[in-house]
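Heads up, the thing below is written out as structure tokens.
The values are calculated or read from the model by the stated rules, or taken from the named source; none is laboratory data. This structure is a prediction, so every number in the text was calculated from the model and none was measured. Note that we place each Cβ from the backbone using ideal geometry, even for glycine, and neighbour counts take in every protein chain shown.
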Amino acid sequence: MNSSCYKTGRTISPQGIMTHSTATPGGTAEDFISYWNGDVSECTTYIIDDTGIYQLLPEKHRSWHAGSPANDMYISYEICEPGTFQYNGQWATMGNYDPTLPENIRYFNTVYAYAVELSAYFCKKYGWEPDSSHVLCHQEGYQKGVATDHIDVLQWFPKHGKSMDDFRADVRACMNSSDGSSKPDIQIKYYVQAGSYKDEKLAKSFSAVLAQKGFPAFVKKISGMYKVQAGAFENIENARKTVEKLQEAGFEAFIVEG
Ligand SMILES: [Zn+2]
């Protein structure tokens, strides 16, 4: 880790844990880890995407995430946002994000469950009540007067019916559950894949072509390749129908199990 947050080695006595989201659609934990591993000054303690929770700094290292004095108060984590939308400058409304898209529901449920687990882990470890003094998001920190004015995560969580009070209630439930985990309640099993590229730009432009034709296309980075997917489904029949529609429209597509 080359981030100056690590090299400087300043430590804090954590008073709580602060939730962020990256405002970078499609940027994965892997992308952020390699960026932060450069000689940059900002870096959170943890980062989450739909593949897991990754620790970037020792938990008592002072991270850079929300200005002063929040940086001295909280363990911090970023949640990566899915590559299914663009902000187009509409930060407060999250641009053209569609909360009804199955891939967005799957992604949100997965990262939300990780965020709940991580917060519950630290509440238990430090004996914190999961209340708004100890478990809060960046915008709530701003409202308290301790953090910079960023909207995260209130531009996103409420689109899936979750306020920060709901989040804190879920953290409490997770702390009280026997195995300490909270499972996402939707399981996507089938993806329709319409293309696979080494080049991210090519993948994105093909995804845009599909979107123009009415397919809910998005780009997902899987083991170094940019896969263009045109739908995520719980039911294989619905996946088959999308493949047929794509073929009728002249595209090649097939179903992959996830
Ligand atoms: Zn933030």
Pairs only if they're at least six apart or on different chains, beta carbon under 7 angstrom, first in the range 135-151 and without any contact (Cβ under 8 Å) to a residue 60 or more places away in the chain, second surrounded by 14 or more Cβ atoms within 10 Å (Cβ to Cβ) and part of a helix (DSSP H, G or I); list them, first residue then second.
GLU140/MET164; ASP149/TYR142
Taking the range 119-137 on its own, how many of its residues are touching a Pro at 6+ places or on another chain (Cβ under 9 Å) and within 16 Å of the ligand (Cβ to nearest atom)?
1
Taking the options ILE222, ILE236, name whichever one is surrounded by fewer than 21 Cβ atoms within 10 Å (Cβ to Cβ), under 20 Å from THR110 (Cα atoms) and aliphatic (A, V, I, L, M).
ILE222
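Would you mind stating whether TYR54 is within 23 Å of ALA147 (Cβ to Cβ), more than 16 Å from the ligand (Cβ to nearest atom) and outside the structural domain of ILE222 (by TED's automatic domain parsing)? Talk me through it step by step, then tell me what you get.
Numbers: within 23 Å of ALA147 (Cβ to Cβ): yes; more than 16 Å from the ligand (Cβ to nearest atom): yes; outside the structural domain of ILE222 (by TED's automatic domain parsing): yes.
For TYR54, the condition - within 23 Å of ALA147 (Cβ to Cβ), more than 16 Å from the ligand (Cβ to nearest atom) and outside the structural domain of ILE222 (by TED's automatic domain parsing) - is met.
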Inter-residue pairs, beta-carbon under 6 Å, first outside the structural domain of VAL219 (by TED's automatic domain parsing) and in the range 89-114, second loosely packed, with under 13 Cβ neighbours inside 10 Å and of a type in the set (S, T, N, Q), 6+ apart
GLY95/ASN88
Condition met for GLU140 (more than 24 Å from ASP31 (Cα to Cα), within 16 Å of the ligand (Cβ to nearest atom) and touching a helix residue (DSSP H, G or I) at 6+ places or on another chain (Cβ under 9 Å)):
yes
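When only residues in the range 199-229 that are aliphatic (A, V, I, L, M) and in contact with a Lys or Arg (Cβ under 9 Å, 6 or more places away or on another chain) count, which is farthest from GLY83 (Cα to Cα)? First the steps, then the outcome.
Going through the range 199-229, the residues aliphatic (A, V, I, L, M) turn out to be 202-203, 208-211, 217, 219, 222, 225, 228.
This time we only want the ones that are in contact with a Lys or Arg (Cβ under 9 Å, 6 or more places away or on another chain), so: 203, 219, 225, 228.
On the way: ALA203: 11, VAL219: 6, MET225: 14, VAL228: 11 Å.
Restricting to residues being aliphatic (A, V, I, L, M) and in contact with a Lys or Arg (Cβ under 9 Å, 6 or more places away or on another chain), the top hit is MET225.
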Taking the range 124-146 and keeping only residues that are over 18 Å from SER68 (Cα atoms) and in contact with a strand residue (DSSP E or B) (Cβ under 7 Å, 6 or more places away or on another chain), one is left with TRP128
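Quick check on the range 70-78. Is at least one of its residues within 15 Å of the chain's Cα centre (by Cα), more than 16 Å from the ligand (Cβ to nearest atom) and either under 28 Å from ALA211 (Cα atoms) or of a type in the set (Asp, Glu) (or both)?
Filtering the range 70-78 down to residues within 15 Å of the chain's Cα centre (by Cα) leaves 76-78.
Imposing the further condition that a residue be more than 16 Å from the ligand (Cβ to nearest atom) reduces the set to none.
No, every residue in the range 70-78 fails to be within 15 Å of the chain's Cα centre (by Cα), more than 16 Å from the ligand (Cβ to nearest atom) and either under 28 Å from ALA211 (Cα atoms) or of a type in the set (Asp, Glu) (or both).
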I'm trying to understand the selection: among the residues of the range 150-178, which are within 16 Å of the ligand (Cβ to nearest atom) and among the polar types (S, T, N, Q)?
GLN155
What are the pairs, 6+ residues apart or on separate chains, where a residue within the range 66-83 that is over 30 Å from PHE218 (Cβ atoms) has its Cβ under 7 Å from a residue that is among the acidic types (Asp, Glu)?
ILE75/GLU59
